[in-house]
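Note sheet for the following structure.
The values are calculated or read from the model by the stated rules, or taken from the named source; none is laboratory data. Model, not experiment: these values are computed from the prediction. Glycine also receives a Cβ, built like all others from the backbone with ideal geometry; neighbour counts cover every protein chain displayed. Accessible surface is based on the protein model in full, side chains and every heavy atom, while ligands, DNA and RNA are left aside. Shrake-Rupley method; radii C 1.70, N 1.55, O 1.52, S 1.80 Å.
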Amino acid sequence: HIGRLMLFNEEQKAVRECCGIHNRNLTSNEKKFIQIWFEEYHFDIQMIKLAFEKTADNIGKVSFAYMNKILKQWHENGLKTPEDVASDSAANRKDKKASYNLEALDRIGLEIPEL
């Protein structure tokens, strides 16, 4: 039991560092999220850092609830490593098609740069 508590303290410390939380204690809800990420989803700190980066890029602040949505989706989709996430993101980009026809727009005189 003591070993598990020590490990959980280390996990909390790692998450606090990756999220830049230095001036306050974690809330009980934040601790629950950390427990889910490590124990239920079996993610390592690299995946949590990646979720934090995506959260910061999208909303500009730390949000454990937002990070949890990302991590939960990755878990449900079987993504276990940053490489899995990158491959999945690349596949999703290829699957998305433009909602407009570039040739038709070009015919009517609109110059749309190709992606």
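Could you look through the range 50-77, keep only residues that are in a loop (DSSP other than H, G, I, E, B) and open to solvent by 40 Å² or more (accessible area, probe 1.4 Å), and pick out the one that is nearest to Lys31 (Cα to Cα)?
Taking the candidates together, the pick is Val62.
Met47 is checked against (1) surrounded by fewer than 17 Cβ atoms within 10 Å (Cβ to Cβ); (2) closer than 18 Å to Pro82 by Cα and fails just one. What number does that condition carry?
(1)
Does at least one position in the range 86-106 carry a residue that is at pLDDT 95 or above and open to solvent by 70 Å² or more (accessible area, probe 1.4 Å)?
Within the range 86-106, not a single residue is at pLDDT 95 or above and open to solvent by 70 Å² or more (accessible area, probe 1.4 Å).
Just give me the residues in the range 16-43 being in a helix (DSSP H, G or I), β-branched (Val, Ile, Thr) and closer than 17 Å to Thr55 by Cα, in sequence order.
Ile34 - this is the single residue of the range 16-43 that is in a helix (DSSP H, G or I), β-branched (Val, Ile, Thr) and closer than 17 Å to Thr55 by Cα.
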